[in-house]
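Take a look at the structure set out below.
The values are calculated or read from the model by the stated rules, or taken from the named source; none is laboratory data. Small disclaimer: the values here were computed from a predicted structure and weren't measured. Quick reminder, even Gly has a Cβ in these numbers, built from the backbone with ideal geometry, and neighbours come from all protein chains shown. Just the protein is used for accessible areas: all its heavy atoms, side chains included, with ligands, DNA and RNA removed. Shrake-Rupley method; radii C 1.70, N 1.55, O 1.52, S 1.80 Å.
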Amino acid sequence: MIDILLGGDNAVVIAMACRNLPAKQRAKGILWGTVGAIALRVVLITFAVMLLDLPFLKVVGGALLLWIGIKLLIPEYDGHEDIAGSDKLLGAIKTIIVADFVMSFDNVIAIAGAAQQAHEAHQTMLIIFGLLVSVPFIVFGSQVVLKLLDRFPIIIYFGGGLLGWIAGGMMVSDAYVTTNWPEFSFSAHYPAALIGAGIVIAIGHLIAKKKRREHEEMLAAKAAKEA
């Protein structure tokens, strides 16, 4: 769910990168670009999961995850026109992989945090499973998912709350906290997770409401100027 919610832009990146390819090569560009991007993300997330065992890194990661959850609730009105298309198959694949690498920071932190909730022996397999499940949504079902998100905004709030929940639990399970205050870490897990979810939903809703109002005012001013 995290990868699907945060990976909506991937479909746009793929379309923009492959738009200049001949029709017969577009399917290959989409397929191999997605495979390369997913493989790169598996490597990045695996390293991130290992690094989260270091003291204070879960606190930093949790704080970043709170912001990622808030950012998920804020509407984006900018396009992806700056993504260069290529008329060569390898060029399009390279564009997809590079763009996904730049855009995947939030996915890496979020999925690494979610994987930390599982047993250590299962973390890498869960990461790979989650990414593989997201592939058909990104490649084939992205527009359907985006329409569902537009029609049922509550899904976005659920996703943002989920990220906040993971962030709160991650911060109190930091290696430094569990070493020095193990009882607190155990008893505070669910309250911290609940607080994290509440923070993301509340702040994200307020910022999103403000941004929508500013966007509507800008459109009204532009329409008045053109009239």
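Here the stretch 19-50 is the region considered, the condition is being surrounded by 14 or more Cβ atoms within 10 Å (Cβ to Cβ) and among the small types (Gly, Ala, Ser), and the residue that is farthest from Met170 (Cα to Cα) is Gly29.
Could you list, in sequence order, the residues of the stretch 178-227 that are outside any helix (DSSP H, G or I) and within 24 Å of Gly161 (Cα to Cα)? Ala188, the sole residue that qualifies.
Yes or no: Ala48 assigned to a helix (DSSP H, G or I) and at pLDDT below 75?
Yes; evaluated as a whole, the condition is true for this residue.
State all residues of the stretch 156-191 that are open to solvent by 10 Å² or more (accessible area, probe 1.4 Å) and of a type in the set (D, E, K, R); if no residue qualifies, say none. Across the stretch 156-191, the qualifying residue is only Glu183.
A single entry from Ile111, Ile74 fulfils the requirement of being touching an Asp or Glu at 6+ places or on another chain (Cβ under 8 Å), modelled with pLDDT of 70 or more and either buried (at least 18 other Cβ atoms within 10 Å of the Cβ) or over 23 Å from Val43 (Cβ atoms) (or both): Ile111.
Residues in the stretch 158-178 that are in contact (Cβ under 8 Å) with a residue 24 or more places away in the chain and among the hydroxyl-bearing types (Ser, Thr, Tyr) were compared, and the one that is nearest to Gly113 (Cα to Cα) is Ser173.
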